[in-house]
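To start, the structure itself, in structure tokens.
Where a number appears in this text, it was derived from the coordinates with a stated rule and is not lab data. Just so it is clear, the structure is predicted and the values come from calculations on it, not from any experiment. When we count neighbours, we look across all protein chains shown, and the Cβ atoms used for this are built from the backbone with ideal geometry, even at glycine.
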Amino acid sequence: MLKGKMMLYRTNLGPDARSPAKPEAMARVAARRWITGTAQLTAGVLFSAAVPAHASGQIDLAALQDEAVEWVQQYIRINTVNPPGNETRGAEFFAEIFEAEGIEYEMVESAPGRGNIWARIEGGDEPGLLLLHHMDVVPADERFWTTDPLAGELRDGYIYGRGALDTKASGILHLATFLALHRTRTPLNRDVVFMATADEEAGGFFGAGWLVDNRSELFEDIGFLLNEGGGGSVVQGKVQFGVEVTQKVPYWVRLTATGEPGHGSRPLVSYASLVMIEALDRFRRYQFDARVIPAVDRHFKGMAERYPEPWRSRFQDLSSAIREPGVLLELQEYAPGLHTLVRNTCSITRFGGSEKINVVSPEVWAEIDCRLLPDQDPESWLAELQEVLGPDIEMEVLMGFTPAVSSIDTGLYETLREVTLETFPEASFVPQVSGGFTDSHFFRDIGIVSYGYSATATPAEDSGGVHGNDERVTEENVRRGVEMTIKILERFAATRPIMEEQ
Ligand SMILES: [Zn+2]
């Protein structure tokens, strides 16, 4: 629970503080805070060492867990629905906590309202660890919820609200752990950075992507990232954990066809609409080759156990299985989310043409959402795509990332495995490939080993709440997740225990 808000906080910032990238935007934040009368901020760097709140050597876990539950509720109540995002509100939520704790932090807006915040605890020379989550959430249609999506209601052991799973609870697990390190003054072998960003749900270009581009110095000594995208689920009483190590690479492409304009009453032999239809017809019948990359092979082998035959045997030897006639189509029907992991894919999602029914437009367009395997060379894939569509279609890449896979041969992966299996001895634990994408790709691009992992085990019946209705997280997951995340940091970054042996 937040106590005393910012009353204890006094800023002692000098004029030499690093200036944020958007001085006007920060000035607005500062002005708003000034009006509240709690702190006068003059720039994006805040500093306070005046409040050594809890200097004891060990953490009071139960009290921290209580705080975490309260924080999840409070965080959900902060409206960061994207669009428009308004993540500055979320950043201010964390800023207040950091101020009360006497933690130095920095807050920057990439655009008006699009706040990002981070804080660092310095440690030894080992590569730093970044705890990342995004503050924005997708919209929620209240008509289909049994509670106000922004109320943070605690009911029957669940905290309800948009962002409960994606990804405000994870952010609070990071926060609680970060505070545990700070409060106990635990000496660290590496820097640990807490970071909360804007805009993930719309691509991250005002959040993680912006920071990587504009504040690259923040990541210079960072070697590891923990982010959303993996974690635990409970299916028919069995706990399954997956660590996301790579993801399919989105390529969003706009296709354009041009031709003679005319009147709908006098059809031409060829015109833009027909060129596009013919191209898309070739495209829909085209299949990109299927192949099993090593990360996908490990993913399927790791989860084969829990599938019924014939899938179990097929997943154990996926490369052979996908060469059997009909199996790929069968897989696509059975589990589209798994099928997508064995080939480059595209969905045709948008079209546009004439504004008027009787006008033959000189230009028509379509957009396709393609996802490439993580080892695909995008240039050669684009050439393949152009070949299929034909020379009359112009292609424009609207968004495309670079492919990258994080190694599992690291101390952090091993620590995640150890702590997970100590907590859930019966659980499966496998590296995973995600068909969707998160902000992790920005960090894999700059050489940071990035894992999608949240220390929660979400009941399968609740997973539909991600971007769906009645999104909720169990209170138990928050409490247990705090303990697990502390254990992970205790082993990977601390030089002495920070919790009593239970
Ligand atoms: Zn998310």
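Apply the Debye scattering formula to the stretch 248-400, with a single equal point scatterer on each alpha-carbon and no solvent, then give log10 I(q)/I(0) at q = 0.08, 0.16, 0.20 Å⁻¹. Ignoring solvent entirely, the Cα scatterers give -0.32, -0.89, -1.17. Modelled spin-label separation between Arg306 and Thr349, with each label point placed 7 Å from Cα along the Cα-to-Cβ direction: 2.7 nm. Put a dot 7 Å past the Cα of Glu418, heading toward its Cβ, do the same for Asp317, and the two dots end up 3.7 nm apart.
Relative contact order for the chain: 21 percent, from Cα pairs under 8 Å spaced at least 6 residues apart, divided by residue count.
With a cut-off of 8 Å between alpha carbons and a minimum separation of six or more residues, what is the relative contact order of the stretch 428-502 in percent? Please list the in-between numbers first.
Values: 31 pairs, mean separation 15.5, N = 75.
Dividing the mean separation by the residue count of the stretch 428-502 yields 21 percent.
Out of all DSSP beta bridges in the chain, what portion is antiparallel? Express it as a percent rounded to 5. Numbers along the way, then the final one.
Numbers: 50 of 76 bridges.
Around 65 percent of the beta bridges assigned by DSSP in the chain are antiparallel ones.
Sorted ascending by nearby beta carbons within 10 Å, beginning with the fewest, His134, His263, His299, His339 become His263, His339, His299, His134.
Here the chain has an Rg and Dmax of 24.8, 85 Å, counting Cα atoms alone. Taking other C-beta atoms within 10 angstrom as a stand-in for reagent exposure, Val137, Val249 fall in the order Val249, Val137, fewest first.
Annotation for Thr147 and Ser270: the two label points, set 7 Å from Cα along the Cα-Cβ direction, are 6.1 nm apart.
Mind scanning Lys248/Lys301; Lys248/Lys487; Lys168/Lys248 and naming the pairs with a C-alpha gap bigger than 28 Å? Check vs 28 Å cut-off fails for Lys248/Lys487.
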